[in-house]
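Participant: What follows is a structure written as structure tokens; I'll ask about it next.
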Amino acid sequence: HIVGMLLTMMWDALRTNLMAPAVMMSDATHVMIEEVVAFQTDDDLTDPDILSALRTIAKKLSHRYKRAVARTVVPIRLDECGTRHIEYTCLRYVYRPETDRFHPEGVVEYTPTQAHAALKAGGLRLWEVEESRRRCGANKINVHVPTILEALGSEFADFTYFFNSSAVWGYAAEHTWNMSVLWAIMSLASGFVRSLLIVRPNMRKLAELASLTMKVQVLREGEWHVVEAAELVLGDIFIVDGGGATLPCDGVVVAGSLVVDESMLTGEPMPVQKLPAEDSAQATLSKKNYAYAGTACLQSNGPYEGNKAVMIATAVGSLTTRGQLVRMVLFPASVRFKYNDQLPIVYALMGLFVLFQGYINVRYVEIGNFASLYIVVVNTMSRCLSPMLPVSIVMGQSVSASRLQQEHGIRVLQPGRIPIAGKITMMVFDKTGTITKDGMDFTAVAPIQGAVFEEEIRFDPDLAGTPAL
């Protein structure tokens, strides 16, 4: 149990520090990625209290460990075409020998004349399509849904579960088997519920939302072909359907015009018109010429295939606007919580208490052989920190996540952030379109008598909790 607890805390640090570096990226089998996170940029922030000095010392001692934990080792893969690439945070990075680096692939910029030239040329050639697909991959967002074993392994490979297990076996050795069995059942049940009934189903639902299954008409070698949306590549000329159809990728309107609903991006319910790029060397592209993946096309007018507009693909896969939204949900920014910053000090004080109790038991108490002494020390740890405290926290987070989904339709991918959300006292929005909808609901009438509002007369009991208009 001690080895397991140490490995859960130090595994990432050991893995990154023990790997041998390669001289050239072309010879490497893995890539180590180090991100700049909050604790590397705000170490100088301290609270004006008596614990600030201890907190500063703890930060200095743990800085190297935190840097190692912030590193991620990603394996280098080889696809069917022999392209060396890595996938990190749903993005595809392709190796370029000329720079000896991995670069993200999936975005290209066109001038208005280049976009119109592509349309006049009859779209891409087949060899250009294959080359673009080899570099950028398929036009889809790869959201990894863990298997049952992966979900359970990720959940139970945590320090708290090893601590609970040691306490369970310790109490069982002291003949308090009824308490140990109850603790074991509660620990296993909480882990199974959170991993298999909350986190994994929500990940599967997000993967379904990220997937896009639709047919698209593409112009290639002067002819129109019907392909799956996942087969779109950079530079493809495709027809945009109206009637609420979802755009398969980011692109520039080349011919015709669109009316799109961008509420999923901006929160504004009003439709936005997209105009074609001018075929002129002096023309420039602006926001009114771009349409984005995931938005709904309400109306498509143009000269192609039943008076529909055409676009040229400028971004595919996870580098589209829709892909960036999915990545923001899957990989949120790190949050600094004062409670987490002070936990190391609490653990240190508890560790000192355990050492003191252990010294008393070894020095002044006649317990017996070494095995009995070891069990007493382990049980002293469980008395210092109740094994049911982590279980209670996990169960509370699981129940909260379940209620958020059932009562409000909010899916939680990281239940551990729910307690942090419970401490929020003020939330600031940059615009009202994020939290409003198109139109208003008539809820009540407030008569005025003598310049004073009288009792409201409500017409919809379902809206009784809203203020009168």
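Participant: Does Arg411 count as part of a loop (DSSP other than H, G, I, E, B), open to solvent by 70 Å² or more (accessible area, probe 1.4 Å) and at pLDDT 75 or above?
Facilitator: yes
Participant: Please list, ordered by first then second residue, the pairs with beta carbon atoms under 6 Å, 6 or more apart or interchain, first in the stretch 267-287 and modelled with pLDDT of 90 or more, second among the hydroxyl-bearing types (Ser, Thr, Tyr).
Facilitator: These pairs meet every condition: Leu275/Ser257.
Participant: Does Cys81 satisfy being closer than 25 Å to Asn139 by Cβ, modelled with pLDDT of 60 or more and open to solvent by 70 Å² or more (accessible area, probe 1.4 Å)?
Facilitator: So Cys81 passes the test.
Participant: Right, something else. Which of the residues that make up the stretch 175-231 are in contact (Cβ under 8 Å) with a residue 60 or more places away in the chain, touching a helix residue (DSSP H, G or I) at 6+ places or on another chain (Cβ under 7 Å) and closer than 16 Å to Pro146 by Cα?
Facilitator: Within the stretch 175-231, Gly191, Val193, Arg194, Ile198, Val199, Leu206, Ala210 qualify.
Participant: Residues that are open to solvent by 20 Å² or more (accessible area, probe 1.4 Å), farther than 17 Å from His116 by Cα, aromatic (Phe, Trp, Tyr) and modelled with pLDDT of 90 or more: does the stretch 321-333 have at least one?
Facilitator: no
Participant: Also, quick follow-up: Every residue in the stretch 159-183 that is within 40 Å of the chain's Cα centre (by Cα), of a type outside the set (Phe, Trp, Tyr) and either open to solvent by 70 Å² or more (accessible area, probe 1.4 Å) or over 12 Å from Gly4 (Cβ atoms) (or both), please.
Facilitator: The first filter runs over the stretch 159-183 and keeps only residues within 40 Å of the chain's Cα centre (by Cα), leaving 159-171, 179-183.
Those left that are additionally of a type outside the set (Phe, Trp, Tyr): 160, 164-168, 170, 179-182.
Across the stretch 159-183, the qualifying residues are Ala167, Val168, Gly170, Met179, Ser180, Val181, Leu182.
Participant: Give the residue that is nearest to Ser400 (Cα to Cα), with candidates limited to residues of the stretch 185-217 that are among the hydroxyl-bearing types (Ser, Thr, Tyr) and loosely packed, with under 14 Cβ neighbours inside 10 Å. Steps first, please.
Facilitator: First pass over the stretch 185-217, keeping only residues among the hydroxyl-bearing types (Ser, Thr, Tyr): 187, 190, 195, 211, 213.
Next, from what is left, pick out any that are loosely packed, with under 14 Cβ neighbours inside 10 Å: 211, 213.
Working: Ser211: 28, Thr213: 33 Å.
Of everything passing the filter in the stretch 185-217, Ser211 is nearest to Ser400 (Cα to Cα).
Participant: Consider Glu268 carefully, then state whether it is surrounded by fewer than 18 Cβ atoms within 10 Å (Cβ to Cβ), out of contact with any helix residue (DSSP H, G or I) (no Cβ under 7 Å at 6 or more places or on another chain) and not in a strand (DSSP E or B).
Facilitator: Criteria not met by Glu268.
Participant: Moving on. Residues of the stretch 95-123 being of a type in the set (Gly, Ala, Ser), open to solvent by 40 Å² or more (accessible area, probe 1.4 Å) and closer than 19 Å to Gln282 by Cα, which ones?
Facilitator: First pass over the stretch 95-123, keeping only residues of a type in the set (Gly, Ala, Ser): 106, 115, 117-118, 121-123.
Narrowing the set further to residues that are open to solvent by 40 Å² or more (accessible area, probe 1.4 Å) leaves 117, 121.
Correct list: Ala117 only.
Participant: Look at Val259 and say whether it is open to solvent by 30 Å² or more (accessible area, probe 1.4 Å), under 24 Å from Val218 (Cβ atoms), touching a residue at least 12 places away in the same chain (Cβ under 8 Å) and assigned to a strand (DSSP E or B). Can you show your working first?
Facilitator: On the way: open to solvent by 30 Å² or more (accessible area, probe 1.4 Å): yes; under 24 Å from Val218 (Cβ atoms): yes; touching a residue at least 12 places away in the same chain (Cβ under 8 Å): yes; assigned to a strand (DSSP E or B): yes.
Spelling it out, Val259 is indeed open to solvent by 30 Å² or more (accessible area, probe 1.4 Å), under 24 Å from Val218 (Cβ atoms), touching a residue at least 12 places away in the same chain (Cβ under 8 Å) and assigned to a strand (DSSP E or B).
Participant: Can you pull out the residues in the stretch 9-34 that are open to solvent by 80 Å² or more (accessible area, probe 1.4 Å), modelled with pLDDT under 80 and of a type outside the set (A, V, I, L, M, F, W, C)?
Facilitator: Arg15, Asn17
Participant: How many of the residues in the stretch 223-238 are assigned to a strand (DSSP E or B), in contact with a strand residue (DSSP E or B) (Cβ under 7 Å, 6 or more places away or on another chain) and open to solvent by 10 Å² or more (accessible area, probe 1.4 Å)? Reasoning before the result, please.
Facilitator: Step one: of the stretch 223-238, the residues assigned to a strand (DSSP E or B) are 223-228, 237-238.
Now narrow it down to the ones that are in contact with a strand residue (DSSP E or B) (Cβ under 7 Å, 6 or more places away or on another chain): 224-228, 237-238.
Remaining after also requiring open to solvent by 10 Å² or more (accessible area, probe 1.4 Å): 224-228.
Selection size over the stretch 223-238: 5.
Participant: Looking at Arg403, Arg383, can you tell me which residue is surrounded by 10 or more Cβ atoms within 10 Å (Cβ to Cβ) and modelled with pLDDT of 75 or more?
Facilitator: Arg403
Participant: Mind checking which residues of the stretch 303-331 are at positive phi and part of a loop (DSSP other than H, G, I, E, B)?
Facilitator: Answer for the stretch 303-331, where residues must be at positive phi and part of a loop (DSSP other than H, G, I, E, B): Glu305, Gly306, Asn307.
Participant: Follow-up. Given the residues Ala315, Ala309, which is the only one that is under 24 Å from Leu206 (Cα atoms) and in contact with a Gly (Cβ under 8 Å, 6 or more places away or on another chain)?
Facilitator: That would be Ala315, the only listed residue that is under 24 Å from Leu206 (Cα atoms) and in contact with a Gly (Cβ under 8 Å, 6 or more places away or on another chain).
Participant: Another question, then. Might you check whether a residue that is at pLDDT 70 or above, surrounded by fewer than 10 Cβ atoms within 10 Å (Cβ to Cβ) and of a type in the set (Val, Ile, Thr) occurs anywhere in the stretch 431-447?
Facilitator: no
The values are calculated or read from the model by the stated rules, or taken from the named source; none is laboratory data. The model shown is predicted, which means the values in this text are computed figures rather than measured ones. Don't worry about glycine lacking a Cβ; one is built from the backbone with ideal geometry, like all the others, and counts go over all protein chains shown. SASA here: full protein model, heavy atoms, side chains in, ligands and nucleic acids out. Shrake-Rupley method; radii C 1.70, N 1.55, O 1.52, S 1.80 Å.
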